[in-house]
1. Calculated from DSSP H runs of 4 or more alone, at -39500 (n - 2.57) each and per residue, what is the 222 nm mean residue ellipticity of chain B, nearest 500?
2. Rounded to the nearest 5, what % of the DSSP beta bridges within chain B are antiparallel ones?
3. For the range B:1-80, calculate the relative contact order in percent as a whole number, restricting contacts to Cα pairs under 8 Å that are 6 or more residues apart.
4. Show the residues, 5+ positions off or on another chain, whose built amide H is closer than 5 Å to the amide H of B:Phe193.
5. Show that you can apply the helix-only estimate: for chain A, add -39,500 (n - 2.57) for every DSSP H stretch of four or more residues, divide by all residues, and state [θ] at 222 nm to the nearest 500.
6. Restricting to the protein assembly as shown, compute how many DSSP beta bridges are antiparallel as a %, nearest 5.
7. Over the range B:97-204, what portion of Cα pair distances is larger than 21 Å, expressed as a whole percent?
8. For A:Leu65, what residues show an amide H to amide H distance below 5 Å, using hydrogens built from the backbone and excluding near sequence neighbours?
Amino acid sequence: MDSEFAAGAVSESVALVVDRALDAYRRLGDLGEQITDEWQYVNDLVAVHSADLRALVVADPERLLPAAAVWAVDLAIEEIGLIEDPHRAIDWLSTFPQIVGIAATPPTAAG
Amino acid sequence: MRFQAAALDGRAIVYAGIQADPLIRRIADLLADATPAELVLARAVMNGQRTDAEVWRAMFPALFDPAAVELVDVPERREHAQKLLAASIEVADRGEQTRSQFRGAIVEELTARLLARRVPPEAIRRERRVLFDGVPAEIHPYDVTVELGARAEVYDCKWGARGIGADVLHQLDDARRHAAEEEQKLFVALVVFDSRRSAEVRLARLTAPRSETRVFTLESLGRLAGTRK
């Protein structure tokens, strides 16, 4: 990243980055649970997408992500941290894992 | 089986104004040629809290700074992503209520654009009901239809997987079944501007019939146009 945003970013292992993402994702799920009619859907989403995120780590937990990818995930974490509306939280329960997936998937696998 | 325009009530008139907004057409054009990652970007921005383009560019280095994540830079793709980002921010900038209305209209327009690559554009209609002899008309019109002499297709469009409910699944399957009773073929489908995984999660808990209902998601929107992805 060539902007001021990435100035302090450094490479990190995929395990550390995904751990941070999962913590933030659980908090997003807690917010979404406030819509009681969607309690089951929220928990199903969190379970399925969390498993998919953990799968990014399994093959090689120590794989280093480029600084720009680490920063991308941290910005996505920051974005969902700004959400106060539980309806929007539910929307992001689907979007956030996709952003993390794009950032943390090895380039060859990403095509 | 026959098609009929939905009644133009107050809500429909307001919605028709939104559908005619040039921004809807511009972003639908961009989405029709978007990569899966660009579709995720557009959904994120239009659902996002922030409207600072620099934040979104940094959140998607694969699109805007591919060399930084060990990907090959294709300037034409980067330029396309820039245009899509700008249009998505314009939608987000319209405020919460308007952006919510825009998002639905965008999915419908995108669906129509993609279908127009496979069928004659004049066969594609919006806000239509399907009528069958001796069957009460459905409450909700279909967002997009393809009306060809030999066959027909109906599409219900959703911004997110959360919008999938038993009512829409029943309506789609009922229409298909009634068409079959009249010995006609009706292809029924949901277009969901969301991930396949989330749509699967939503559908897994619903018991309404869906085995004959096709679901297109961010990963498979291109198939509306008859392409493999």
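Throughout, read-outs are computed from the coordinates displayed, never taken from laboratory work. Computed from a predicted structure; not experimentally measured. All Cβ positions, even for glycine, are placed from backbone atoms using ideal geometry, and neighbour counts span all protein chains on display.
1. -14500 deg cm²/dmol
2. 55 percent
3. Reported as a whole number, the value is 16 percent.
4. The answer is B:Lys158, B:Trp159, B:Gly160.
5. -23000 deg cm²/dmol
6. Of all bridge pairs located within the protein assembly as shown, approximately 60 percent are antiparallel.
7. Looking at the range B:97-204, the distances longer than 21 Å represent 38 percent of pairs.
8. HN-HN under 5 Å from A:Leu65: A:Glu12, A:Ser13, A:Val14.
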